[in-house]
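The values are calculated or read from the model by the stated rules, or taken from the named source; none is laboratory data. Keep in mind the model is a prediction, meaning the values are calculated, not measured. Neighbour counts are summed over all protein chains in view; Cβ atoms, including those assigned to glycine, are modelled from backbone coordinates with ideal geometry.
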Amino acid sequence: MDSLLTYISIAAMMVIIPGVDTMLLIKNTLRYGSKAGRYTVLGMATGLSFWTLIAILGLSVVIAKSVILFSTIKYLGAAYLIYLGIKSFFAKSVFSLEDIQAQANVPTISSSRYNKESFMQALLSNILNPKTVLVYITIMPQFIDLNGNVNQQLILLATILTLLAVLWFLTLVYVIDYAKKWLNNSKFQKVFQKSTGLILVGFGVKTGI
């Protein structure tokens, strides 16, 4: 039990510390609304579930030990983050609060596209993030009893990590959506959009190093 509580504490800290997922969530929620934010969270959870399946199949260790495979994932992830950052930096459209509310209340084709885009961004960001692989092969094994059912324990630990991430990021969506009434300023949104772009590019460069 003590070991499990220790793992939960470590997992919670990993989730709460701001990173790529946090920046994507803030960007998508501010630009497209709370529904897009929730789709972003769904994309994150799906990405974590993907790596859980990979770990259960024993492939995460293979990927980590293969310089070519690990480097491929690493550089693809870096390139994708840089792409998202550049796209955000040079995006011309800045949404007003009224625009976002209209998109959230009226199920248009464009709002559906933004939700799908938010989901795919978060999904690909997690799948192409080499740090996610390292969590599964460096942190989780420390809390697994090799005398027990390894896969069951791995599923439990991965489920805890995913649930903590979902709860935290859904809370952030609510807070961001509530705060939008004070953030409905075109200058602020433009500065934030470009700042987010630069930060994502920075994450991409850091990932690729």
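Assorted remarks:
- Every residue from the stretch 15-35 that is over 12 Å from the mean Cα position of the chain (by Cα), in a helix (DSSP H, G or I) and not hydroxyl-bearing (Ser, Thr, Tyr): LEU30, ARG31, LYS35
- One residue stands out among those in the stretch 131-171 that are surrounded by 20 or more Cβ atoms within 10 Å (Cβ to Cβ) and under 13 Å from the mean Cα position of the chain (by Cα): the one that is farthest from VAL15 (Cα to Cα), which is THR132.
- Test result for THR29, among the hydroxyl-bearing types (Ser, Thr, Tyr), within 23 Å of LEU157 (Cβ to Cβ) and either in contact (Cβ under 8 Å) with a residue 60 or more places away in the chain or touching a helix residue (DSSP H, G or I) at 6+ places or on another chain (Cβ under 8 Å) (or both): no
- Output for the stretch 1-58, where each listed residue is touching a Ser or Thr at 6+ places or on another chain (Cβ under 9 Å) and at positive phi: GLY33
- Condition met for ARG113 (part of a helix (DSSP H, G or I) and either modelled with pLDDT of 90 or more or more than 17 Å from the chain's Cα centre (by Cα) (or both)): yes
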